[in-house]
Each structure stands twice: as structure tokens, then as C-alpha cells.
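Scroll down for the structure; my scribbles are underneath it.
The values are calculated or read from the model by the stated rules, or taken from the named source; none is laboratory data. Since the model is a prediction, treat every value here as computed from it, not as a measurement. All Cβ positions, even for glycine, are placed from backbone atoms using ideal geometry, and neighbour counts span all protein chains on display.
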Amino acid sequence: MDGGEGLIPKHGGYRNLKSFQIAQLAFDVTVRFCDRYIDRFSRTRDQMVQAARSGVQNIAEGSQASGTSKKTELKLTNVARASLEELRLDYEDFLRQRGLPMLEPNHPALKRFKAKRCANLAEVRDWVAEEKKHTDEQRARHTDEHGLTGTNIAEHENQKLAVLVGDGPCQPLSDSTLVANAALSLLNLSCYLLDRQLAAQAAAFEKEGGFTERLYRTRSQARRKP
């Protein structure tokens, strides 16, 4: 990052951007997700990883380029936003094509995920383990309350498959369902932040102009000096 507010202003602080931090976590989650749940010979696997990487890299590149080109910053930030939108659709396709639920924002599992504010992949893994444990405990309590054992439990659970996700206390969610929904939650937030970032960048460009205008002002001021 360059110091001072002269011809080239401060720039490149992308590591402090919340949009970058969340996109980077979504990238890490996506690499792990594709390793575990997407066929290694599938084009979708490469496309998902590349879209996740593009989101992160273009945020960083746009931030770094902002010192001399606000136009480039806007363009690259928009590329990052488009890449994460593509990745979001891939996760939605994964769930839809396999008949897996896409959880509503107020689903208890997603509310717990958001409250956890995961900063790295290990914390996402911990959340998945906690959700599995939480479901097992719920199922055990539900079984005790209804006095179900053996065949009766199986019959009861088969009936519950028709219940919408979130309506029943014991509805199990697979690891892939949990991780895909966690990734979607991260992507929703990152896309929202990038939309705000793009709006702020556009407003700054409209108000202050780009490097060419700054260069002209700097030279004009220098000429006026005695």
C-alpha cells in the first residue's frame, strides 16, 4: 500500500475488506466441498473452484489497481461479484438436482451458523459437527418422548420424510446439505457486501474522477505554485 494522499492515494488494503475475508472463506469451503462431494472428472468441479478463486483474486486485484485506475477497480470488483453469483448458482443446482433442501435464512441451523461467525474452514467443520450432534440429541429426546424403538422408530422417521425441513425437530440434514447451505450463506453475504462496495466505488468515481483527472489537478496545482 502506498502512503500519502498525493497523486497515488492509499490503496491495496483488500485484506481488511469484509467482502474479501468472506469470499476467501467461501473459496476454502468450496475447495473442500468439491473434493468431497463433486466427481473429480466433472467440469462442474473445476468451474466451481475457479469461480470461487476468481471472486477472491479479483477483489484483491481491483483493490490494488485502485491507486492508478478507479475504472479498473470497478471492473474487477464487478468481475468478482459475477464470479460469486456463478458459484452461488452452482450450489443451488447441487441441492436442487439431488433433491436436497435449500434452507430458509431463518432456519435454526443457519441462524446458528451466522451467529458463529466462522473465520476459517476449521470453524465451519466445527459447526457441521455441532449440527450433527444437535440433531442426534433431538432425535434421542423425540424418541424418548414418544416411546419409539426398533421398527417403530424407522416407521416414524419414514413418515417424517414428508415434513418440510425445519417443521420437525428431528429432521436430519446430511453433511453435504449443511456445507452447501453454509456456502450459500457466505456467498449471499459476500455478494451483498460487493454490491455495496460497487455502489461506493461508482459514487467515488463520479465525485472525484479517476487517475487522469487527479493527474491533471496535480499538474495544475504545481504550475500555479511560485
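Assorted remarks:
- For residue 14, the conditions (1) modelled with pLDDT of 95 or more; (2) in contact with a helix residue (DSSP H, G or I) (Cβ under 8 Å, 6 or more places away or on another chain) are fulfilled apart from (1).
- Looking only at the stretch 68-83, and only at residues there that are in a helix (DSSP H, G or I) and in contact (Cβ under 8 Å) with a residue 40 or more places away in the chain, the one that is surrounded by the most Cβ atoms within 10 Å (Cβ to Cβ): 80
- Listed conditions (1) surrounded by fewer than 22 Cβ atoms within 10 Å (Cβ to Cβ); (2) modelled with pLDDT of 95 or more are all met by residue 65, apart from (2).
- The listed residues are 156, 134, and the only one of them that is in a helix (DSSP H, G or I), over 24 Å from residue 24 (Cβ atoms) and modelled with pLDDT under 75 turns out to be 156.
- Qualifying residue in the stretch 179-189 (condition: part of a helix (DSSP H, G or I), assigned by TED's automatic domain parsing to the domain that holds residue 70, touching a helix residue (DSSP H, G or I) at 6+ places or on another chain (Cβ under 8 Å) and at pLDDT below 95): no
- The residues of the stretch 190-226 that are modelled with pLDDT under 70, under 27 Å from residue 14 (Cβ atoms) and among the aliphatic types (A, V, I, L, M) amount to a single one, 215.
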